Amino acid sequence: MRFTELADDILRRAEHLAETATERVSSNTIRLGVTGLSRAGKTVFITSLVSNLLNTGRMPQLISAAEGRILAAYLEPRPAVSVPRFRYEDHLATLTGDHPDWPEGTRRISELRLSLKVQPRGLLSGLSAPRTVHIDIIDYPGEWLLDLSLLSTSYAEWSSDVIAGLSRTQPGREFERILNGLLPDDPCPTEDRLSEIATAFQHHLQALQAAGIADCGPGRLLLPGDLEGSPMLSFAPLPEVANAPRSSLYREFERRYEGYKKKVVQPFFRNHFSRIDRQIVLIDVLGALGQGPAALDDLRQTMGKVLTAFRPGRAGRLARLIGISRVEKILFAVTKADHLHHSQHPALTSLGEALLEDARSRARFAGAGTASLSIAALRTTVEDTVNDASGQPVPVVKGRLTSGGKQVAFHAGDLPVNPQVLLSEASRRADSWVGYTFTNAQFAPAPLTRTANGGPPHIRLDKACEFLLGDRL
Ligand SMILES: Nc1nc2c(ncn2[C@@H]2O[C@H](COP(=O)(O)OP(=O)(O)OP(=O)(O)O)[C@@H](O)[C@H]2O)c(=O)[nH]1
Ligand SMILES: [Mg+2]
């Protein structure tokens with residue numbers, strides 16, 4: 001490193017430290033955690049939220065906006081020194097351009113700071129000067145979230161969990177055959193051989209993901225980001241062996257697994273999830289419902305594992321380590337509610353609540369305000385009623401499908417009022433629902449969705465925002 005670069009680097013670090021220190025003491029920064037598995041809707045949520053806060057015409061339920069107290073809103077050019085900026089403008093252009101489409105799956109972490117100039121509320125509000133409130137949001141690949149549960153899982157525990165599920169996919173069975181040919185307490189083979197084993201394991205993970213199975217981590221083995229090719233990702237599960245020698249294959253993979261937790265997972269959560277003030281947990285319940293009982297049960301279990309970090313006890317130490325315990329408000333949001341007529345939204349919200357109930361009751365949410373909502377960050381449909389074959393009226397949504405671009409009327413299925421009916425069927429992991437039919441569809445964002453004074457159309461984004469941020473605006 002040349003001297004000027006070194007000086008620059010030192011300066012940047014000092015700036016970063018100063019920034020962090022001032023942020024801690026000033027209360028005008030809100031760090032909003034957007035948590036959700038892959039495809040849950042994080043990138044679309046962030047894009048629509050920011051657009052609707054920059055332009056609040058479609059946010060009547062956000063009180064500060066309705067009262068006209070948000071005087072200005074702007075994006076900071078570069079919020080953090082070490083993290084790339086969230087490509088808000090590109091994502092918005094994709095969603096609302098002439099040929100609107102969805103953004104691609106996220107492959108790297110990025111961050112955005114939205115600043116709002118707000119007139120304080122209350123009797124003397126006219127006398128006090130406007131305040132500036134910064135909202136920091138990060139976006140990351142949902143796959144990485146799966147790693148949260150690894151932090152409290154040993155190599156032996158993780159291995160036995162994964163090995164139990166290998167028979168589920170063809171690549172899994174292939175990996176099983178490789179495993180059967182290995183002697184974990186034999187001396188560690190060459191790096192080439194290690195990476196061959198690890199690659200076979202990665203193929204199994206990719207097959208799980210392609211089959212819509214939610215729990216297919218470790219996340220960086222699926223989406224390495226800037227760790228592509230790193231030996232830190234070159235490991236795989238092995239059957240436990242007692243007293244394996246230090247130089248054995250088993251110990252080598254165990255060391256790499258522990259190294260992965262320490263050098264990759266912990267810093268990610270510590271740097272980006274710590275100091276989070278408000279949290280939204282996004283969950284695609286309808287997607288899982290359409291895939292069948294086992295998928296819904298997978299989603300329940302995976303979210304349970306993800307929310308482990310909020311639990312007291314052993315995992316609570318982990319929560320403190322990564323700073324999660326100070327979250328003040330958590331919103332559980334079922335996403336893509338525009339796939340369902342509003343008459344069914346209460347049932348959808350109840351299903352989302354019931355799905356997370358276990359995890360929530362064990363977690364340390366006692367000190368935090370929590371709420372549940374069904375939302376659509378980007379509304380792609382309009383509602384209608386059509387008659388079925390027997391002349392009965394059916395509430396539907398109408399939109400344009402992403403594949404083929406056809407305009408269709410869509411009914412996802414009838415949700416029961418009592419969500420336990422579905423959850424108990426899910427826990428039996430049957431192939432299909434008994435007495436219910438649920439269908440998935442993928443709608444494209446509708447063209448011309450931007451108005452002069454509002455962001456993209458949505459469902460209850462304003463309510464979500466009021467819950468998460470309203471008291472600070
Ligand atoms: N109809 C509808 N579909 C949505 C909405 N939000 C997300 N989707 C769909 O869900 C897909 C995934 O959304 P993303 O925002 O990219 O999901 P993500 O959580 O960022 O996913 P990763 O980047 O893979 O972690 C989109 O491509 C859309 O098909 C919504 O509000 N309405
Ligand atoms: Mg994304």
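The values are calculated or read from the model by the stated rules, or taken from the named source; none is laboratory data. It should be emphasised that the depicted structure is a prediction, and the values quoted were computed from it without experimental measurement. As a convention, Cβ positions derive from the backbone with ideal geometry for all residues, glycine included, and neighbour counts pool all protein chains shown.
Numbers at a glance
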item	result
Candidates D98, D136, filtered to the one that is at pLDDT below 90 and more than 29 Å from L205 (Cβ to Cβ)	D98
Tally of residues being buried (at least 16 other Cβ atoms within 10 Å of the Cβ) and touching a Ser or Thr at 6+ places or on another chain (Cβ under 8 Å) across segment 218-240	5
Residues (assigned to a helix (DSSP H, G or I) and polar (S, T, N, Q)) located in segment 244-273	Q266, N271
Filter result for L183 (surrounded by 18 or more Cβ atoms within 10 Å (Cβ to Cβ) and touching a residue at least 40 places away in the same chain (Cβ under 8 Å))	no
Segment 153-171 residues that are in the same structural domain as K305 (by TED's automatic domain parsing), paired with ones that are modelled with pLDDT under 90 (beta carbon under 9 Å, 6 or more apart)	none
Flag for L318 being out of contact with any strand residue (DSSP E or B) (no Cβ under 9 Å at 6 or more places or on another chain) and at pLDDT 90 or above	no
Close pairs from segment 365-378: first in the same structural domain as L355 (by TED's automatic domain parsing) and modelled with pLDDT under 80, partner in a loop (DSSP other than H, G, I, E, B) and of a type in the set (A, V, I, L, M), Cβ under 8 Å, at least 6 apart	A368/V327
Residues satisfying the stated conditions in segment 128-169, i.e. among the basic types (K, R) and closer than 30 Å to L112 by Cα	R131
Residue check, L127 assigned to a helix (DSSP H, G or I) and outside the structural domain of Q209 (by TED's automatic domain parsing)	no
Among residues of segment 397-431, those that are surrounded by fewer than 13 Cβ atoms within 10 Å (Cβ to Cβ), within 26 Å of the chain's Cα centre (by Cα) and farther than 30 Å from Q301 by Cα, counted	1
Those strands (runs of 3 or more DSSP E) lying entirely in segment 379-458 with at least 2 residues basic (K, R)	393-400
Checking A73 against (1) modelled with pLDDT under 95; (2) part of a strand (DSSP E or B), the condition it does not meet	(1)
Count of residues meeting criterion [more than 11 Å from ligand 1 (Cβ to nearest atom) and surrounded by fewer than 21 Cβ atoms within 10 Å (Cβ to Cβ)] in segment 35-57	3
Positions within segment 219-241 being modelled with pLDDT under 90 and either outside the structural domain of E191 (by TED's automatic domain parsing) or in a loop (DSSP other than H, G, I, E, B) (or both), in sequence order	L223, P224, E228, G229, S230
Of all residues making up segment 127-165, the number that are farther than 13 Å from A214 by Cα and among the acidic types (D, E)	4
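Rundown of residues vs (1) surrounded by fewer than 17 Cβ atoms within 10 Å (Cβ to Cβ); (2) assigned to a loop (DSSP other than H, G, I, E, B), yes/no style:
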position	(1), (2)
P100	no, yes
R107	yes, yes
S149	no, no
S160	yes, no
I163	no, no
R173	yes, no
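Okay, residues lined up against (1) away from ligand 2 (no atom under 16 Å from the Cβ); (2) touching a residue at least 40 places away in the same chain (Cβ under 8 Å); (3) assigned by TED's automatic domain parsing to the domain that holds G352; (4) in a loop (DSSP other than H, G, I, E, B):
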| residue | (1), (2), (3), (4) |
| --- | --- |
| V34 | no, yes, yes, no |
| A40 | no, yes, yes, yes |
| V44 | no, yes, yes, no |
| A65 | yes, yes, yes, no |
| R113 | yes, no, yes, no |
